[in-house]
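A short write-up of the structure that comes next.
The values are calculated or read from the model by the stated rules, or taken from the named source; none is laboratory data. Fair warning: this is a prediction, and the values are worked out from it, not measured in the lab. Every residue, glycine among them, receives a Cβ derived from its backbone with ideal geometry; neighbour counts consider all protein chains shown.
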Amino acid sequence: MPIRLICLDADDTLWHNEAYFQRTRARLCALLEPWAEAAAVEARLDSVEHRNLPAYGYGAKGFVLSMAETAIEVSGGAVPGSVVADILALGKAMLAHPVEMLDGVAEALDALADRGRLVLVTKGDLSHQEAKLAASGLGERFTGVEIVSDKKAATYARVFERYGARPEEAVMAGNSMRSDVLPALEAGAWAAFVPFELAWAHEAAEAPVGHPRYRELASLAALPEWIDSIA
């Protein structure tokens with residue numbers, strides 16, 4: 001059965017994202033050096049982020065709040081207002097960073113558009129994701145854009161239904177095993193894992209090796225050929 005709906009992740013699938021988070025984490029560690037070693041700051045930030053996801057969701061704004069909480073916790077409440085101001089400045093810089101496209105993305109989207117309708121499925125802060133999409137210049141290539149709070153099987157099922165495709169007629173591609181691959185497979189779709197050199201540990205999960213509807217691809221440019229083989 002041919003693929004009619006092609007769903008794509010955004011961050012670190014179409015454009016760079018994790019690099020900005022890692023650079024900001026390093027700067028936070030430098031700010032908090034008077035109170036804790038970098039490894040301790042990293043570990044505390046990971047814990048605080050995980051704890052806050054249900055309340056803050058994904059994205060840069062929630063990350064900034066988690067950095068501020070981390071500063072308070074590792075300093076025992078002694079962190080001065082000037083450091084908190086520096087943390088807020090780091091957050092604003094993240095929100096204002098330029099959109100850097102990954103190599104070959106535009107060409108891959110052109111090829112994919114010949115094979116089905118394209119829908120962007122991404123999670124994170126609504127306004128920030130909209131701003132990045134606008135800055136990328138890719139918006140007109142997509143039939144629809146779905147900015148969601150999380151990616152679960154039910155999320156994908158709703159997306160497939162909204163765009164009139166049965167699960168077996170849809171494919172999801174992205175760099176997150178936990179968010180882009182496993183729930184899409186659970187929903188009955190095909191799923192392509194396109195790994196990126198930088199990855200947030202929260203998005204890691206065991207690959208469903210041997211699953212008939214799963215494939216790991218070297219790049220997004222390989223997705224059209226795989227879709228052709230499915231059809």
With the checklist (1) at pLDDT below 95; (2) in contact with a helix residue (DSSP H, G or I) (Cβ under 7 Å, 6 or more places away or on another chain) in hand, flag the one item Ile6 doesn't pass. (1)
Looking at Arg213, is it at pLDDT 95 or above and loosely packed, with under 14 Cβ neighbours inside 10 Å? no
Being closer than 16 Å to Leu65 by Cβ and among the polar types (S, T, N, Q) is the filter; apply it to segment 21-49 and report the residue that is farthest from the chain's Cα centre (by Cα). Ser47
Those residues that are within 13 Å of the chain's Cα centre (by Cα) and of a type in the set (S, T, N, Q), I need them from segment 170-224; list them, please. Asn175, Ser176, Ser179
Cβ-Cβ under 8 Å pairs, at least 6 apart or on other chains, segment 147-162 side in contact (Cβ under 8 Å) with a residue 60 or more places away in the chain, far side among the aliphatic types (A, V, I, L, M) and in a helix (DSSP H, G or I): Tyr156/Ala184
Given (1) surrounded by fewer than 20 Cβ atoms within 10 Å (Cβ to Cβ); (2) more than 30 Å from Arg44 (Cα to Cα), index of the condition Glu197 fails: (2)
Among the residues of segment 116-128, which ones are buried (at least 19 other Cβ atoms within 10 Å of the Cβ) and more than 19 Å from the chain's Cα centre (by Cα)? Gly116
Only helices (runs of 4 or more DSSP H) wholly contained in segment 14-93 count here; list those with 3 or more residues that are on the phi > 0 side of the Ramachandran plot. none
Residue pairs qualifying under the 6 Å Cβ cut-off, at least six apart or on distinct chains, with the first in segment 216-231 being in contact (Cβ under 8 Å) with a residue 40 or more places away in the chain and the second being exposed (fewer than 15 other Cβ atoms within 10 Å of the Cβ) and of a type outside the set (Gly, Ala, Ser), are Ala231/Pro2
Going through Ala71, Ala93, Ala108 one at a time, which residue ends up being within 20 Å of the chain's Cα centre (by Cα) and surrounded by 18 or more Cβ atoms within 10 Å (Cβ to Cβ)? Ala108
Picked from segment 207-231 (must be of a type in the set (Asp, Glu) and part of a helix (DSSP H, G or I)), the residue farthest from Pro195 (Cα to Cα) is Asp228
Kindly indicate whether Ile87 is touching a residue at least 12 places away in the same chain (Cβ under 8 Å) and not assigned by TED's automatic domain parsing to the domain that holds Ala222. yes
Kindly provide the set of residues from segment 167-188 that are under 13 Å from Leu5 (Cβ atoms) and touching a residue at least 60 places away in the same chain (Cβ under 8 Å), ordered by number. Glu168, Glu169, Ala170, Val171, Met172, Ala173, Ala184
Counted residues in segment 121-146 being part of a strand (DSSP E or B) and in contact with a Ser or Thr (Cβ under 9 Å, 6 or more places away or on another chain) come to 5
Of the criteria (1) surrounded by fewer than 18 Cβ atoms within 10 Å (Cβ to Cβ); (2) among the charged types (D, E, K, R); (3) within 20 Å of Leu120 (Cβ to Cβ), which one Glu206 fails: (3)
